[in-house]
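Down below is the structure, laid out as structure tokens.
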Amino acid sequence: MAYETIKVRKLNPALGAMISGVDLSQDIGNQTFQEIHDALVENQVIFFRDQHLTPDQHKDFGRRFGTLHVHPVAPGVEGHPEILPLHSDAKKQYAAAAWHSDVSCDQEPNMGAILYAKVLPDCGGDTMWASMHAAYEGLSDKMQHFLSGLEAEHGSEHIFGPPKNEKDKRPTAIHPVIRTHPVSGRQGIFVNSSFTTRIVGMKPRESDAILQFIYRHIDTPEYHVRFQWEVNSIAFWDNRSTQHRALADYFPQTRTMHRVTINGDKPFYRPN
Ligand SMILES: [Fe+2]
């Protein structure tokens, strides 16, 4: 793909690209927006260094890509419910350390998220992403065909515990195991070890064996990119084509990130 207003440097063949030549605090024009959008779909996760955004500018950038998600329970950054703070320190240790795509238990999981580094430990606290396109394309034709006919259930109660009150929801959803990307049409694996509970219509032992095989397959290093954060770095990932995990190796140091999350659509499978 040819880019005219931004520079795109691929980090790995499977996924990940560093974007430069753009100041996201400014109102980006339509051409630049389209190029960032295309770079995201093509590379599945894109990175920016040395960006200086106010919370409003962070949200404005996100809104170019869709409506913003407000977390139903977690409070946002002060005055900005659309900005989710992810914070760890000596008292509170938080890291989503298992592979997942965000809230795949929702009927319409997020399209993607824009994560902005505010405070970082001296070292550590990297994030990893895995390409679900590359993982799908690494399977044999027979396995691709077999998985393409399946659906899986995704839940959240096993992660967050039983609901504490009426408002406290624990969504579940059934999605195709192989998801077609709505923009590129590429196929990708859409089950993950955090939210997926079972493959529909199978005995538990069958479902477990297939899911464990997929999770081991996803763990192949050639499908991964690992990002070393700097303060003011941004990672923007496509939740439809990637999974990610946060490395929990820096406690009790402090790490604070701000996340803007873009609403998504219902996953589907369409044969090529
Ligand atoms: Fe996540």
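The values are calculated or read from the model by the stated rules, or taken from the named source; none is laboratory data. These figures come from a predicted structure and were not determined experimentally. Cβ atoms come from the backbone with ideal geometry, glycine included; neighbour counts cover every protein chain shown.
Tabulated data
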read-out: Selection from the range 125-156 of residues that are in a helix (DSSP H, G or I), touching a Ser or Thr at 6+ places or on another chain (Cβ under 8 Å) and not hydrophobic (A, V, I, L, M, F, W, C); value: H133
read-out: Residue among S104, S131 that is crowded, with 23+ Cβ neighbours inside 10 Å and under 20 Å from V260 (Cβ atoms); value: S104
read-out: Only one of D238, D219 that is closer than 26 Å to Q57 by Cα and either in contact (Cβ under 8 Å) with a residue 12 or more places away in the chain or out of contact with any strand residue (DSSP E or B) (no Cβ under 9 Å at 6 or more places or on another chain) (or both); value: D238
read-out: Members of the range 80-124 found to be within 14 Å of the ligand (Cβ to nearest atom), within 19 Å of F227 (Cβ to Cβ), assigned to a loop (DSSP other than H, G, I, E, B) and not polar (S, T, N, Q), listed by number; value: Y94, A95, A96, A97, A98, W99, D102
read-out: Residue in the range 15-31 that is out of contact with any Gly (no Cβ under 6 Å at 6 or more places or on another chain) and part of a helix (DSSP H, G or I) present; value: yes
read-out: Residue in the range 69-79 that is in a strand (DSSP E or B), more than 23 Å from T242 (Cβ to Cβ) and modelled with pLDDT under 95 present; value: yes
read-out: Within the range 179-231, strands (runs of 3 or more DSSP E) holding 3 or more residues that are under 15 Å from the mean Cα position of the chain (by Cα); value: 224-227
read-out: Top-ranked residue in the range 61-100 [being free of Cβ contacts under 8 Å to residues at least 12 places away in the same chain and among the small types (G, A, S); ranked as surrounded by the most Cβ atoms within 10 Å (Cβ to Cβ)]; value: G76
read-out: Filter pass, T197 being polar (S, T, N, Q) and either buried (at least 20 other Cβ atoms within 10 Å of the Cβ) or closer than 29 Å to K59 by Cα (or both); value: no
